[in-house]
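**Student:** Handing you this structure, nothing more for now.
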Amino acid sequence: MRGKWAAGIEPRNFTWIFQGQLAASERPGGATRVHRQVRREEELRWLKNQKFTRVISLFALPLSHRAYEDHGMTTGLHPLATDNDQREAIGAFYADLRDSMARGEVVLLHADEVSDKLLGLVAGFLLWTGRVDNDAIALASVERLFRRSISIEGRDVLKGLPERP
């Protein structure tokens, strides 16, 4: 393949959290209701060209995991329960994210869309790893990074964080 499409296309709402290490976007190929396989392939080609090696999904089902693996990326699946106590699920998710980054993997984190809950999880990760000292700094950092405010749904994630490692 040649031309401008050879490098693929950047996933929608793509944002680096830690340049060259961790980024977030909506699901490659688009959200579930508007998912397009051709777009997914173009976005996965772009991710591969950007040296991504792992995709961590917050879906309950392993959607598109075979496609990620076909592009040489390992996958992680961390569905988050909708009940009030998500502490254990969030702890496993954060541990996977921390360990993946420690191994030098370049990680894409995605859900169906870049939602307030996803942004709250990113803020929680900053706090859980000790990269920031308090909730206010974590939230402000993520809001500045993603250029939008985080609603109560995202802020509530910080109330139930697991113990720090």
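**Student:** Residue separation times 0.36 nm, minus the C-alpha to C-alpha distance between Glu88 and Arg148: what's the value?
**Tutor:** Contour length minus Cα-Cα distance gives 18.8 nm.
**Student:** Using a Förster radius of 30 Å, what is the FRET efficiency between Asn49 and Asn134 based on their Cβ-Cβ separation? Nearest 0.05, please.
**Tutor:** 0.20
**Student:** Oh, and also: Glu113's amide H: which non-local residues (gap 5+, or another chain) put their own amide H closer than 5 Å, with H modeled 1.01 Å from N in plane and none for Pro or chain starts?
**Tutor:** Arg27
**Student:** Considering only the other residues whose Cβ falls under 9 Å of the Cβ of Thr74, what net charge follows from Lys and Arg at +1 and Asp and Glu at -1?
**Tutor:** -1
**Student:** In addition: Can you give the helix-only mean residue ellipticity at 222 nm for the chain, where every DSSP H stretch with n ≥ 4 adds -39500 (n - 2.57) and the sum goes over all residues, rounded to the nearest 500 deg cm²/dmol?
**Tutor:** -12000 deg cm²/dmol
**Student:** Can you pull the percent of Cα pairs in the chain with separation above 19 Å?
**Tutor:** Here the long-distance tail beyond 19 Å is 53 percent of all Cα pairs in the chain.
**Student:** Highest first, please rank the peptides 120-131, 12-23, 103-114 by the mean number of other Cβ atoms sitting within 10 Å of their residues.
**Tutor:** Listed from highest to lowest mean packing, they are 120-131, 103-114, 12-23.
Values quoted throughout were computed directly from the atomic coordinates according to the rules given, and no laboratory measurement underlies them. What you are looking at is a predicted structure, and each value in this text was computed from that prediction instead of being measured. In this analysis, Cβ positions are derived from the backbone assuming ideal geometry, glycine residues included, and neighbour counts consider all displayed protein chains.
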